[in-house]
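Working notes, beginning with the structure itself.
Read-outs: derived from the displayed coordinates by stated rules, not from any lab. Values in this document were obtained by computation on a predicted structure and should not be read as measured data. So basically every Cβ, Gly included, is an ideal-geometry build from the backbone, and we count neighbours across all protein chains shown.
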């Protein structure tokens, strides 16, 4: 860990911020998590496991969009992440209600 105020350097010796150094690793980690969630969604042993995988899939895609927004420096990704958060919550509630009762509308 570099000392406070120390300059982090890239592989080519150019100075870079700590955020620029860590951001690609975080994006790659969430991309791998998305792939694993998609695998669990397709291969889940039960319906409840698939609903949990879908919930985790949208949470990881939300985090990935926020990280991409930081990386590219645009607010558009944050708005898309907010939209995915709202739709993902509603989708999880509807699927859980359907699993519990077999009907969505009361």
Please say if the range 23-101 is rounded, prolate or oblate, where rounded means a/c under 1.5 for a ≥ b ≥ c the square roots of the C-alpha gyration tensor eigenvalues, and otherwise the choice is prolate for a/b larger than b/c and oblate otherwise? oblate
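For 72, 78, which order do you get if you count the other beta carbons within 10 Å of each Cβ and list the fewest first? Present the calculation step by step, with values, prior to reporting the outcome.
On the way: 72 9, 78 14.
Final ranking by Cβ density, sparse to dense: 72, 78.
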Separation between Cα centres of the range 22-55 and the range 61-80, rounded to whole Å: 18 Å
